[in-house]
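Structure first, commentary second.
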């Protein structure tokens, strides 16, 4: 069971504080921190977000991004990787030490390893330049909707399976009686699958239902999140997510072959 991981970058308090703050902004302007050193790209994104009624604060380097994050308390961060002084990787790391705010990486780096590293480091989404401003706005709005915690499917207070319990009211997961710390997106993905046990979902269906929009980028984000969920549930006596070859994934309780 060397793959067993109980570690978690985002604390429960950080997530709860963020959700409470976001819920309190009903009817108010959403604040977005945009960290991008290219002024043309920054101005374009800002224009599109402001058309949607969002307040945008901009940073030209990583140091300024961290300063504005601490002073302005944004609801969303759009973060370039290659920035002066402090790069996007380090900025994300600092943000995740204290906050569960949604983060979108916006970068020219399109290598698969960079995308996986970003997602595993705590980013919620990854958009590669060149990009569609409308698509970026759609992703921002979708992440904010998901982050608000308003999931109409969470009607039951608990969903229980052998060895696994999902507390939908507290948004917590228990494996063999012990709490397993999942990121917000990992929790939402596991919950969605668990609500339809045995039903296979392809990546497009998972992206649409869990991420909340028609995904135009790298579908590997689903595989990355599935891998991390499996690692965190590997401490138990059973497995819960099966690969359906040629299709995608399904929730299925099976005895762990390593036991």
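The values are calculated or read from the model by the stated rules, or taken from the named source; none is laboratory data. None of the values given here were measured: they were computed from a predicted structure. All Cβ positions, glycine included, derive from the backbone under ideal geometry; neighbour counts span all protein chains shown.
Summary of values
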{"quantity": "Selection count, the range 74-87, where residues are in contact with a helix residue (DSSP H, G or I) (Cβ under 7 Å, 6 or more places away or on another chain) and under 24 Å from residue 145 (Cα atoms)", "calculated": "6"}
{"quantity": "The range 169-178, residues that are more than 22 Å from residue 101 (Cβ to Cβ) and in contact with a strand residue (DSSP E or B) (Cβ under 7 Å, 6 or more places away or on another chain)", "calculated": "174, 175"}
{"quantity": "Qualifying residue in the range 235-258 (condition: under 13 Å from the mean Cα position of the chain (by Cα) and either surrounded by 16 or more Cβ atoms within 10 Å (Cβ to Cβ) or modelled with pLDDT of 90 or more (or both))", "calculated": "no"}
{"quantity": "The lone exception for residue 63 - which of (1) part of a helix (DSSP H, G or I); (2) under 24 Å from residue 128 (Cβ atoms); (3) modelled with pLDDT of 90 or more it fails", "calculated": "(2)"}
{"quantity": "Lone qualifier among 182, 175, 189 - being touching a helix residue (DSSP H, G or I) at 6+ places or on another chain (Cβ under 6 Å), modelled with pLDDT of 85 or more and outside the structural domain of residue 78 (by TED's automatic domain parsing)", "calculated": "189"}
